[in-house]
Amino acid sequence: MQRAATPRPLARPAVTPPARTHRSAPPRMSRRRRRRRNEGLRGVSVRATVYLRYLSYWFTIVASGAIAHYCFKSVPEATSGGIWLMASCAFQLVVAALGTMFAAHRRDEILEQMRGYVFGYTVAPGIGVAIFMWVARNMVSSGSEDMFIRTAVAALPWIYFIPVLVPAVIYLKMVAGFKTIDRIGLDDEEILKIYTRNDGLQR
Amino acid sequence: MDTQFLKSPSTLARRHPAEMVSGMDILSHGLVSLFNGAYVAVRLMLSPAMLFLAVSGSSLAWLARLEVASLDRRAAKPEVGRH
């Protein structure tokens, strides 16, 4: 007696997955939806505040460069003072951005130091010197015979480059040093002496 | 800055009235305007000030993205004022 031919399955039989005793992963949700659910609109505004703060940094650099450019426009030995200021700021910001890639464990510190160097050591003193130089030049051109003012007019274009150029070099050195600042320069014997308290410091 | 590096057909027609002006004036005027705008934009962007500002802006954008990422990583709750 011939058996009836069973129909050939069109697809592989589905393997029944084992029963899940626990939920191994939370339900998938997009990052934006999760943030909106957990933090609401306030989370969006907190992040927008960060971006707006950095936008204000950029506008501050633009405005300070424009002010310095105006003050140095009539100085024959430093015509493009504002360009130098913007170049210094751009250099420090590029150093900071590269530093966050090469010394990622120091990112927060690099960001904090960037604010201090760009705005505290470069922009604010540079603008101060530029405005003071502009005032002094106007005083001399209007007939002032004051010795200090006349000396300042000659010296301030060169003094201007101290806050504009020196912090950029120091910041570059600092960020480059973050790579090796935690490295121990002692050899094995010295490390073991310190570790086993046989370094003479215990006496 | 010389922005008229291309002459539109109507300008050519005004300078040379004997020449025929085709009906493609509107299109050619638009193209000339676009080319002139791109030319001026490139000329402006090639100045040192604009270059430094573009570099500053892109670096600041990267640093802002990092700060937002660290904010997300810390999972700091936003401060809510007490009622």
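Every residue in the range B:60-83 that is loosely packed, with under 11 Cβ neighbours inside 10 Å and at pLDDT 65 or above, please.
As a first pass, look at the range B:60-83 and keep what is loosely packed, with under 11 Cβ neighbours inside 10 Å: B:73-75, B:79-83.
Of everything in the range B:60-83, those that are loosely packed, with under 11 Cβ neighbours inside 10 Å and at pLDDT 65 or above turn out to be B:Arg73, B:Arg74, B:Ala75, B:Arg82.
Have a look at A:Gly82, A:Gly65 and point out the one that is crowded, with 17+ Cβ neighbours inside 10 Å, touching a His at 6+ places or on another chain (Cβ under 6 Å) and more than 23 Å from B:Arg65 (Cβ to Cβ).
Values: A:Gly65 fails: touching a His at 6+ places or on another chain (Cβ under 6 Å).
Checking each option against the conditions leaves just A:Gly82.
If you check A:Tyr121 against the conditions, is it modelled with pLDDT of 95 or more, within 14 Å of chain B (Cβ to nearest Cβ) and buried (at least 18 other Cβ atoms within 10 Å of the Cβ)? Walk me through how you get there before you give the answer.
On the way: modelled with pLDDT of 95 or more: yes; within 14 Å of chain B (Cβ to nearest Cβ): no; buried (at least 18 other Cβ atoms within 10 Å of the Cβ): yes.
Here the answer is no, as A:Tyr121 does not meet what is asked.
Would you mind telling me which numbered condition in (1) touching a helix residue (DSSP H, G or I) at 6+ places or on another chain (Cβ under 9 Å); (2) within 14 Å of chain A (Cβ to nearest Cβ) B:Leu46 fails?
Of (1) touching a helix residue (DSSP H, G or I) at 6+ places or on another chain (Cβ under 9 Å); (2) within 14 Å of chain A (Cβ to nearest Cβ), only one is false for B:Leu46: (1).
Run down A:Ser80, A:Ser88, A:Ser74, A:Ser56 and say which single residue is more than 16 Å from B:Ala54 (Cβ to Cβ) and at pLDDT 90 or above.
Sole residue among the options that is more than 16 Å from B:Ala54 (Cβ to Cβ) and at pLDDT 90 or above: A:Ser56.
A:Ile191 - would you say it is at pLDDT 90 or above and either exposed (fewer than 11 other Cβ atoms within 10 Å of the Cβ) or out of contact with any Ser or Thr (no Cβ under 6 Å at 6 or more places or on another chain) (or both)?
On the way: at pLDDT 90 or above: no; either exposed (fewer than 11 other Cβ atoms within 10 Å of the Cβ) or out of contact with any Ser or Thr (no Cβ under 6 Å at 6 or more places or on another chain) (or both): yes.
So A:Ile191 does not fit the description; no.
In the set A:Arg36, A:Arg47, which member is modelled with pLDDT of 70 or more, within 29 Å of A:Arg115 (Cα to Cα) and surrounded by 12 or more Cβ atoms within 10 Å (Cβ to Cβ)? Spell out the reasoning first.
On the way: A:Arg36 fails: within 29 Å of A:Arg115 (Cα to Cα).
After ruling out the rest, the residue left standing is A:Arg47.
Whether any residue in the range A:107-128 is under 17 Å from A:Val62 (Cβ atoms) and either outside any helix (DSSP H, G or I) or in contact with a Gly (Cβ under 7 Å, 6 or more places away or on another chain) (or both) is what I want to check.
no
Would you be able to say whether some residue in the range A:182-203 is of a type outside the set (Val, Ile, Thr), closer than 25 Å to A:Thr60 by Cβ and out of contact with any strand residue (DSSP E or B) (no Cβ under 7 Å at 6 or more places or on another chain)?
So the first thing to find is which residues in the range A:182-203 are of a type outside the set (Val, Ile, Thr), and the list is A:182-183, A:185-190, A:192-193, A:195, A:197-203.
Of the ones still in play, those that are also closer than 25 Å to A:Thr60 by Cβ are none.
No: zero hits.
Looking only at the range A:53-62, count how many residues are more than 9 Å from every other protein chain (Cβ to nearest Cβ) and either exposed (fewer than 14 other Cβ atoms within 10 Å of the Cβ) or of a type in the set (Asp, Glu) (or both).
From the range A:53-62, those more than 9 Å from every other protein chain (Cβ to nearest Cβ) are A:56, A:59-60; that's our starting set.
In the following step, the residues that additionally are either exposed (fewer than 14 other Cβ atoms within 10 Å of the Cβ) or of a type in the set (Asp, Glu) (or both) were identified as A:56, A:59.
Adding up the residues that qualify gives 2.
Got a sec? Which of A:Leu111, A:Leu93 is modelled with pLDDT under 95, facing chain B (nearest Cβ under 8 Å), crowded, with 16+ Cβ neighbours inside 10 Å and under 23 Å from B:Leu71 (Cβ atoms)? Walk me through it before giving the result.
Values: A:Leu93 fails: modelled with pLDDT under 95.
The conditions single out A:Leu111.
Output yes when any residue across the range A:128-142 is within 19 Å of A:Leu172 (Cβ to Cβ), touching a helix residue (DSSP H, G or I) at 6+ places or on another chain (Cβ under 6 Å) and either crowded, with 16+ Cβ neighbours inside 10 Å or hydrophobic (A, V, I, L, M, F, W, C) (or both), and no when none is.
Keep residues of the range A:128-142 that are within 19 Å of A:Leu172 (Cβ to Cβ), which gives none.
Looking through the range A:128-142, none of the residues is within 19 Å of A:Leu172 (Cβ to Cβ), touching a helix residue (DSSP H, G or I) at 6+ places or on another chain (Cβ under 6 Å) and either crowded, with 16+ Cβ neighbours inside 10 Å or hydrophobic (A, V, I, L, M, F, W, C) (or both).
The values are calculated or read from the model by the stated rules, or taken from the named source; none is laboratory data. What you see is a predicted model, and the numbers here were worked out from it, not measured in a lab. Positions of Cβ are generated from backbone atoms using ideal geometry, with glycine treated the same way; all protein chains shown enter the neighbour counts.
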